[in-house]
Each structure stands twice: as structure tokens, then as C-alpha cells.
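Student: Here it is: the structure, laid out below.
The values are calculated or read from the model by the stated rules, or taken from the named source; none is laboratory data. A quick note: this is a predicted structure, and the numbers were derived from the prediction, not measured. Glycine gets a Cβ as well: all are built from the backbone with ideal geometry, and neighbour counts include every protein chain shown. Ligands, DNA and RNA are stripped out before the accessible areas are found, and what is left, the full protein with its side chains, is counted by its heavy atoms. Shrake-Rupley method; radii C 1.70, N 1.55, O 1.52, S 1.80 Å.
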Amino acid sequence: MSFRSVLEPIFERLPAIARPEKQVLFKNKVMWTLAILALYFILTNIPLFGMSAESIDLFAHYRAFFAGATGSLLVLGIGPIVTASIILQLLVGGDIIHLDLTDPKDQSFFQGAQKFLVLVMIVLETLPQLFGYIKPDPELAGLLGVELSVITMFLFVQICIGGLLIMFMDEVISKWGIGSGISLFIVAGVSQSIVTGLINWIPGTDGLAVGIIPKWIQLISSGELSALFTTSDGLMYLFISGGILALISTVAIFIIVVYVESVRIEIPLSHTSVRGARGKFPVKLIYASVLPMILVRALQANIQLVGVLLAGRGITVLGEYSGATPVNGVMYYLSAINSPTDWIPSYVAANFASMGYPAPAVWQIVLHVGVDAFLLVAGGIIFALFWIETTGMGAKQTAKKIYNSGMQVPGFRNNIASIEKYMQRYIPKVTIIGGAFIGLLTVFASLLGTVGSAGGTGLLLTVSIVYRLYEDLASEQLMEMHPMLRSFLGKES
């Protein structure tokens, strides 16, 4: 009996959201999508019952694209789903697990394995957080007359339930709604951060409002603004703490991504049986979308999780931590750059002084930036290549879709092999260029910062996802009016 034959019955029995028996109307898809989005916002505002205020958020620096909320029922966010995807893509891409993702049976096995691995990751990502980071409330334990271990177990159950809810909500969106649940949750979380960063009137450490708009209103009304413009330190404060640089970066990223999303190579197609019927297959510059960036940052987050756990046990060979922030060692260089305060020497020195650690030298800061840039660019290329193969966007799968739709490339034989050979000229090369470009764009956004501390990766993902969602909405409307298009686009009837 093979290992696969043992696992397949288990995968088939995993709980799943039923697929619609017939095509879901566009208005119903919109309703399902909005309903899940509303449920997401509700769940992110439900705090974990029994959690102490002294708890530490291990993923604080990665909140923007983990689509979770600190101390809430959805504290894990999409972390388990993304981590499971990384592991499977590496196993399949490295040919450790032999799967032909163009084969429906192998696709079904891959999806079952991914769901099973998500369930495992929910538990594995929950347990470390309860080892001294998400702490039980001793006052509640005393009030209820139970041991702290009971409250800890209750926290464990709540976090696991939140992880399951995210998984099923993502599945509902993919089967009954529009687009991807993961993408929708990222957009929701980042958008909330940006809006908060603009209008939050709660005072920060400098006594002024955190939000850019109320902060500038206070500076103008108090008469301090003119004085700040007269000194170099004042100008630095206005650009960094005042949010000017973050605002410029946010607007620039929005414009660049919208433009780049429209850059594409259009491959001409003609119908094999309908004379004169022609079409085009677009290969976008960002062919694999920006979702591989989630995988890169998630990989960094999981590396940091290992570092935090080791440091918490007194093993500091990889680096020491202040809360969830690495302050030295290998883990410092492997951590993500999120804003100018992570690489401008004066701000880095101030941050490390507040944590009680010596500041790194300038060359160490430069090396930190260089390592993060390398991980983003190289990781963007590698995960983009894996992404197109596991999602049916590779040359072989695309050629099969074109052939089955009755189309062909003019001047080439009408068979899958010929179409695939032609697609190989463009798809792998564009995927590599697009992965590298999106990695560089993420580096740029991370260095300059964003409004609301959403992070360069989070902002980049949000703009691209919103643009793709707009295209999905237009596509869904078009396919509802012209159902024959579904066969070409590879959609189920």
C-alpha cells in the first residue's frame, strides 16, 4: 500500500465548503463576498477572552499581509494558509513530491494535501504563541477559580477556531464569491491601516496625533510648523514622523502598480473552425501577480518565529530579541525592512536605545537592507515560477486551455505541443522579469514606508489585488452575459 493511497481517504473526509451545483449569478457572488468581508471585520474586533494585556504579538511586523488582528480571534490571519502553500510549493517544485498538476487527480490530491497541511499549521503556529507570548490573564483565572493552564487551553481553542474560520471563509469566497478570500482579507486589513494612518487622532509618543491629517492640523494651529522648516532635524521630523515621505511613497506605488498592471504582451490567436474569428492571449508583466511576495514575507516571518522561540529558551546563537524584534545576530539581517526607521541610522539608534541594546554600525544596517532586497528579488522570481505552475498558469497548462477552447497560434500546427513551445518563448521569461520587478518595487516601498505603517509589501499587494479584483468583476459580468467564454478562461460551468 502506497503512502498516497493512505492519505487520499483522509483528504476526502476533510470538511469542505460544497461547490455550487450550477453557475452562481453575479449579484449572488457579490453578496457572498460582501457578507464574508463583513464577517471578517467582525471577527477581527472580537478579542481573545482570557488574554493578558502583557501579551506579545509575534507577527507584529507582518500584520499588514497576514490579514490578522493583534489579540483578536483572527490573530493567526492567513499565516497557516500561506505557510502550507510555501511548504507544498517547495516540495512539488523540488520534485520531492511527484505531482502532475495538469492531471485532475493530482490537482485534487494537491488541494487535499494543502487543506490538511493548513490544519496542521494552525496548531503548529498556535502552540508557540502560547509559550510565554500570548499570556493568560491571572486575574480572570483567580475570578473563575481555575488554574492558568485552563485559561491557556481556552486561548488555544479560540485561536484554532479563528484559524479554521479564516480557512473556510477563504473557501467560500473562492467557490461562491469573487476572487480569493486571502486577497480580500489583505485588502481589508491594509485599507483599514491606511485609513487609520490618515485620520487617527489618538496621541502618539511625541504628544501629537498619530494620523497624518490631525497631526498637521495640530502643527499648523500651534504655530510649530514654521519653526520645524528652519532646521534639518525639523525637516527630517516632518518627512518621516510627519508622514510626507510615506504619503509620497503611497501615491507613487499606487500609480506605478496601476500602470505596470496594464503592461502586457498580447499573443495573437485564431479560431480553428470559425474563419476570421481572432483573439489575443495577454501575458502581463506581473504575470504571477504580487501574491508570491506574500510567500517571501511569510517565509521571513516563520524564520523569525523560530528565532523568537529559540531566544525565549535562552538559545541566542541566531540572535537576541526585544519582544518580537531581532536586535543582533543572523536574525537581525533576515528580518524585514518595513519603514525608514529601520534603516536611517539616527532612527535605528533611537529605536535600539529605547530597547536597551547597542545600535548596529552603518555597515550592518547596509547589509541588513541588502539581504532584505536580495530575499525579495530572488524570492519573488522563485515563488513566481512556482506559483504559475501550481495555479495552472504555466506554458503547458495555458497551451492546453487554448487548444481545448478551439483556438490556435496562427502559423503554428494545431496541437498542444506546438502551442506550448510558442508559449515557452514568453511565459517563463515574463514571469522571471515580473517577479524581479515586483521584488524591487517592494524594496522601494519598504524603504520609504507607507501611510498607516501598512508596509511596502502590504500596500503593493493591496493596489495590485484591487486592480485584479476590478478585472475579475468585469470578467464575471462578461461571462454571465456570454457563458461560452467560460470554457476558454478555464472556468467551471
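Student: Starting from the 7 Å offset along Cα-to-Cβ, what nm value, one decimal, do you get for the label separation of Val258 and Ile433?
Tutor: 2.4 nm
Student: What accessible area per residue comes out for the stretch 196-273, rounded to a whole number of Å², with a 1.4 Å probe?
Tutor: Working: 4430 Å² over 78 residues.
Heavy-atom accessible area per residue stands at 57 Å².
Student: Right, another one. For Asp233 and Leu124, FRET efficiency with R0 = 45 Å and r from the beta-carbon atoms, rounded to 0.05?
Tutor: 0.45
Student: Separation of the stretch 162-188 and the stretch 380-417 by C-alpha centroid, Å?
Tutor: Cα centroid to Cα centroid, the span is 27 Å.
Student: Using heavy-atom solvent-accessible surface (probe 1.4 Å) with all chains present, what is the largest-first order of Ile134, Ile381?
Tutor: Of Ile134, Ile381, the descending order of accessible area is Ile381, Ile134.
Student: Once you put a point 7 Å from the Cα of Val6 and another 7 Å from the Cα of Phe26, both along the Cβ direction, what distance in nm separates them?
Tutor: 5.0 nm
Student: Find the accessible area per residue for the stretch 1-124; the probe is 1.4 Å, ligands and nucleic acids are left out, and the unit is Å².
Tutor: 53 Å²
Student: Next question. How far is helix 3-12 tilted, in degrees, relative to the longest principal axis of the Cα atoms in the chain, given as a value from 0 to 90 rounded to the nearest 10?
Tutor: 80 degrees
Student: Still on this structure, please answer the following. For the stretch 333-386, which whole-number percentage of the solvent-accessible area (1.4 Å probe, protein heavy atoms only) is attributable to carbon and sulfur atoms?
Tutor: Working: 1910 of 2460 Å².
Carbon and sulfur atoms account for 78 percent of the accessible area of the stretch 333-386.
Student: Per 0.36 nm of contour for each residue apart, how much would the distance between Leu310 and Asp106 grow if the chain were fully extended, relative to their Cα-Cα spacing?
Tutor: Fully extending the segment from Leu310 to Asp106 adds 69.7 nm.
Student: In nm, what is the difference between 0.36 nm times the number of residues separating Ile217 and Gln424 and their Cα-Cα distance?
Tutor: On the way: separation 207, 0.36 × 207 = 74.52 nm, distance 5.57 nm.
Here the answer is 68.9 nm.
Student: Shifting gears a bit: How compact is the stretch 357-401 by the rule of thumb for globular proteins, expressed as Cα Rg over 2.2 N^0.38 Å?
Tutor: 1.94
Student: List the lysines whose Cα sits under 16 Å from the Cα of Lys280, skipping any in the same chain fewer than 8 residues away.
Tutor: Output for Lys280: Lys400, Lys401.
Student: Additional query: Per q in 0.15, 0.16, 0.19, 0.20 1/Å, what log10 I(q)/I(0) does a Debye calculation on the alpha-carbon atoms of the stretch 38-112 return?
Tutor: The calculated log intensity ratios at q = 0.15, 0.16, 0.19, 0.20 Å⁻¹ are -0.67, -0.71, -0.81, -0.85.
Student: Could you order Glu21, Glu320, Glu54 so the one with the most accessible surface comes first? Probe is 1.4 Å. Could you put the intermediate results ahead of the total?
Tutor: Working: Glu21 190, Glu320 70, Glu54 130 Å².
The most accessible residue leads, giving Glu21, Glu54, Glu320.
Student: In square nanometres, what is one fourth of the surface area of the convex hull spanned by the alpha carbons of the stretch 30-166?
Tutor: Mean shadow area of the hull around the Cα atoms is 10.4 nm².
Student: If I take R0 = 30 Å and measure r between the Cβ atoms of Ile244 and Val371 in this structure, what FRET efficiency does the formula 1/(1 + (r/R0)^6) give, to the nearest 0.05?
Tutor: The calculated FRET efficiency here is 0.60.
Student: Where only protein heavy atoms count, and the probe is 1.4 Å, what is the accessible area per residue for the stretch 312-463 in Å²? Can you show the working numbers first?
Tutor: Values: 6510 Å² over 152 residues.
Counting only protein heavy atoms, the per-residue value for the stretch 312-463 is 43 Å².
Student: Leaving ligands and nucleic acids out of the surface, order Met393, Met236, Met121 by accessible area at 1.4 Å, largest first. Intermediate values should be presented prior to the final figure.
Tutor: Numbers: Met393 50, Met236 75, Met121 20 Å².
In descending accessible area the options line up as Met236, Met393, Met121.
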